[in-house]
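Chemist: Take a look at this one; I'll ask things after.
The values are calculated or read from the model by the stated rules, or taken from the named source; none is laboratory data. These numbers were taken from a predicted model, which means no experiment stands behind them. No Cβ is skipped: glycine too gets one built from the backbone with ideal geometry, and neighbour counts run over all protein chains shown. For the accessible areas, the whole protein counts, side chains as well, though only heavy atoms, and no ligand, DNA or RNA atoms are used. Shrake-Rupley method; radii C 1.70, N 1.55, O 1.52, S 1.80 Å.
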Amino acid sequence: MEEHKLWVIVPAAGVGSRMGGECPKQYLKLHGRSVIEHTLDRLLSAPGISQIYLPLHPQDKWWPEIAGKYIGKTIPVAGGAERSTSVLNALEKIEPHASTEDWVLVHDVARPCFRINDISNLMQSLWNTQPGGLLGVPVADTVKRTSATGEVLDTVPRTNLWRAYTPQMFRFGILLAALRQGLEKGVNITDEASAIEALGLRPVMVEGHSDNIKVTHPQDLPLAEIFLRRIMQEEE
């Protein structure tokens, strides 16, 4: 693979309002440790990853409790109100040190159940491509389109439909330009790929595993525990 740097960003400024708990979802306990610890530790064990830029909420009072073990391994950055702003803040922190052809890997802090092999496969699949791509899985369920009142209007053909996951990996210069332009124009940026798409570019989907779930709702936590235990046993 060509000698381009890999920069890693894990936006962690969300408050996790949908969890309804006293702390953000990334600090909830999973197998005795917080979700964010699992995510960071697993990323740092992946080949080629030794440091992570971590956008945090300005009033985050939980991170200092665990920050000591990540000295030198994480670089805290001011997070924004939206994920896209948090990622952009990190990119601008990195910008003086990066080449436009470097790679940026962005991963959801609340997705601890990824496989190290999936990240390696993502890197190998995209390293010589433009502009980059993301992990995902083909849609297996029947998909319905409804009205605002919940009435089914039609069944959407699921051929070539994918569920988008993370990590997502794009060229540094392209992602920086995409996020800046998207935010200036008011584009609805739901993930990094959507910002890239708004530039008229086509990210590549790389198939991963469906148990790479995002801890979003309370019922996701016990499921994540089951998946993470199984994945860690497979990787031993």
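Chemist: Using a 1.4 angstrom probe on the protein heavy atoms only, line up VAL106, VAL15 by accessible area, largest first. Present the calculation step by step, with values, prior to reporting the outcome.
Modeler: On the way: VAL106 0, VAL15 90 Å².
Largest to smallest exposure gives the sequence VAL15, VAL106.
Chemist: Rounded to the nearest 5, what % of DSSP beta bridges with both residues in the stretch 43-198 are antiparallel?
Modeler: 70
Chemist: While we're on this one: Per-residue HN-Hα couplings for the stretch 113-119, Karplus 6.51 cos²θ - 1.76 cosθ + 1.60 at θ = phi - 60°, whole Hz, x for Gly and Pro?
Modeler: With coefficients 6.51, -1.76 and 1.60, one gets 9, 8, 9, 4, 5, 5, 5 Hz.
Chemist: Moving on. Could you give the C-alpha radius of gyration of the chain expressed as a fraction of 2.2 N^0.38 Å, taking N as the number of residues it contains?
Modeler: So the chain has a normalised radius of gyration of 1.01.
Chemist: Okay, moving on. Using a probe of 1.4 angstrom, how much of the accessible area of the chain is carbon and sulfur, in percent? Write down the numbers at each step before the final one.
Modeler: Numbers: 5920 of 11910 Å².
Here it works out to 50 percent.
Chemist: I would also like to ask the following. What is the set of long-range amide H partners of VAL204 at a cut-off below 5 Å, with H atoms built 1.01 Å from backbone N?
Modeler: The answer is GLY132, GLY133, LEU134.
Chemist: Which of the aspartates and glutamates could a cross-linker span from LYS69 if the Cα-Cα distance has to be under 18 Å and same-chain partners fewer than 8 positions apart are dropped?
Modeler: GLU37, ASP41, ASP60
Chemist: Place +1 on the Cβ of every Lys and Arg and -1 on the Cβ of every Asp and Glu in the chain, take the dipole about the Cα centre, and give the residue among VAL104, SER45, TRP62 whose Cα lies farthest towards its positive end.
Modeler: Most positive-ward Cα: TRP62.
Chemist: Enumerate the calculated ³J(HN,Hα) couplings along the stretch 144-154 in order (Karplus 6.51 cos²θ - 1.76 cosθ + 1.60, θ = phi - 60°), each rounded to whole Hz, writing x wherever the residue is Gly or Pro.
Modeler: 10, 9, 10, 7, 5, 9, x, 7, 6, 8, 6
Chemist: Taking the Cα centre of each part, how many Å lie between the stretch 164-179 and the stretch 26-104?
Modeler: So the two Cα centres are separated by 16 Å.
Chemist: Here's something else I'd like to know. Sorted from largest down, give the three principal axis spans of the alpha carbons of the stretch 45-125, whole angstrom values.
Modeler: Here the Cα extents, ordered largest to smallest, are 38, 28, 24 Å.
Chemist: Do any GluC sites (Glu not before Pro) in the stretch 75-126 lie in a loop, going by DSSP, with at most 16 other beta-carbon atoms within 10 Å of their beta carbon, and if so which? Display every interim value, and only then the final one.
Modeler: Values: sites: GLU82, GLU92, GLU101; in loops: GLU82, GLU101.
The qualifying sites are GLU82, GLU101.
Chemist: Going by amide H atoms built from the backbone, whose H comes under 5 Å of the H on THR74, apart from near neighbours?
Modeler: Excluding prolines and chain starts, which carry no amide H, the hits are ILE52.
Chemist: Tabulate in residue order the Karplus-calculated ³J(HN,Hα) for the stretch 188-202, using 6.51 cos²θ - 1.76 cosθ + 1.60 with θ = phi - 60°, rounded to whole Hz; enter x for Gly and Pro.
Modeler: 6, 9, 8, 7, 5, 4, 5, 5, 5, 4, 5, 7, x, 9, 10
Chemist: Once amide H atoms are placed 1.01 Å from N in the peptide plane, what residues at a sequence separation of 5 or more from TYR165, or on another chain, have their amide H within under 5 Å of its amide H?
Modeler: Under 5 Å from the amide H of TYR165 lie the amide H atoms of LEU135, GLY136, VAL137, each far enough along the sequence or on another chain.
Chemist: Can you compute the helix-only [θ] at 222 nm over the chain? Use -39500 (n - 2.57) per DSSP H run of at least 4 residues, normalise by all residues, nearest 500 deg cm²/dmol.
Modeler: When only DSSP H runs of four or more count, the value is -9500 deg cm²/dmol.
Chemist: Next question, about the same structure. Once the piece of chain linking SER99 and VAL152 is laid out straight, how much longer is it, given 0.36 nm per residue of separation minus the C-alpha distance between them?
Modeler: Values: separation 53, 0.36 × 53 = 19.08 nm, distance 4.85 nm.
Additional length available on full extension: 14.2 nm.
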